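Read-outs throughout are calculated quantities, based only on the coordinates presented, and are distinct from any laboratory measurement. All figures in this text were calculated on a predicted structure; none of them were measured in a lab. When we count neighbours, we look across all protein chains shown, and the Cβ atoms used for this are built from the backbone with ideal geometry, even at glycine.
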Amino acid sequence: HGIEVLSAAAAASRGDTLILAVKPQDMAALLAEIGPVLSGPQLVVSVAAGITTAFIESRLPAGTPVVRVMSTTPVLVDEAMSVTAAGADAGAEHGRRGAGLSRGRRRPGSGAGGGAARGAPERAGRT
């Protein structure tokens with residue numbers, strides 16, 4: 001079927017947008033594995049609960065753009081809302097890309113959504 005199985009590092013070296021969806025206790029090990037192979041403009045998007053952009057940024061090469069996407073529990077029944085928080089090196093375009101990944105089908109009148117929360121609570125140390 002043309003499916004190729006790769007290590008996390010091999011997949012990270014090929015992608016331009018990386019989605020980190022691991023249990024919080026596994027995040028540090030994943031970042032240690034992929035950090036050495038990141039080499040430029042890859043956007044790192046985290047959906048891991050409780051992991052701040054600062055935690056991720058501190059374990060990746062300087063300048064790596066990081067966006068955190070947090071969804072509410074009803075994502076399981078297609079009734080959720082997601083919020084994005086851009087890290088220190090993520091620009092507006094990175095925020096839009098991260099928000100776009102969480103954008104699914106919308107009901108009429110549900111709004112456009114999709115903005116990144118610059119200066120998010122993470123920067124104030126409240127997450």
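Each residue of segment 34-48 is assigned a 3J(HN,Hα), and the resulting list reads 8, x, x, 9, 6, 9, x, x, 4, 8, 9, 10, 10, 10, 6 Hz, derived from the Karplus form 6.51 cos²θ - 1.76 cosθ + 1.60 (θ = phi - 60°), x at Gly and Pro. Remark on Leu18: its backbone amide H falls under 5 Å from those of Leu43, Val44, Val45, a criterion applied only to residues 5 or more positions apart or on other chains, H modelled at 1.01 Å from N. Tell me whether segment 1-66 comes out rounded, prolate or oblate; compute the Cα gyration tensor, take square roots of the eigenvalues as a ≥ b ≥ c, and use a/c under 1.5 as the rounded threshold. In terms of gyration-tensor shape, oblate. Considering only the other residues whose Cβ falls under 14 Å of the Cβ of Leu60, what net charge follows from Lys and Arg at +1 and Asp and Glu at -1? Cβ neighbours under 14 Å give a net charge of -1. Remark: spin-label model distance Glu4-Ala32 equals 2.8 nm, labels positioned 7 Å along the Cα→Cβ axis.
Between Ala21 and Ala92, the C-beta separation translates, for a Förster distance of 30 Å, into a calculated FRET efficiency of about 0.80.
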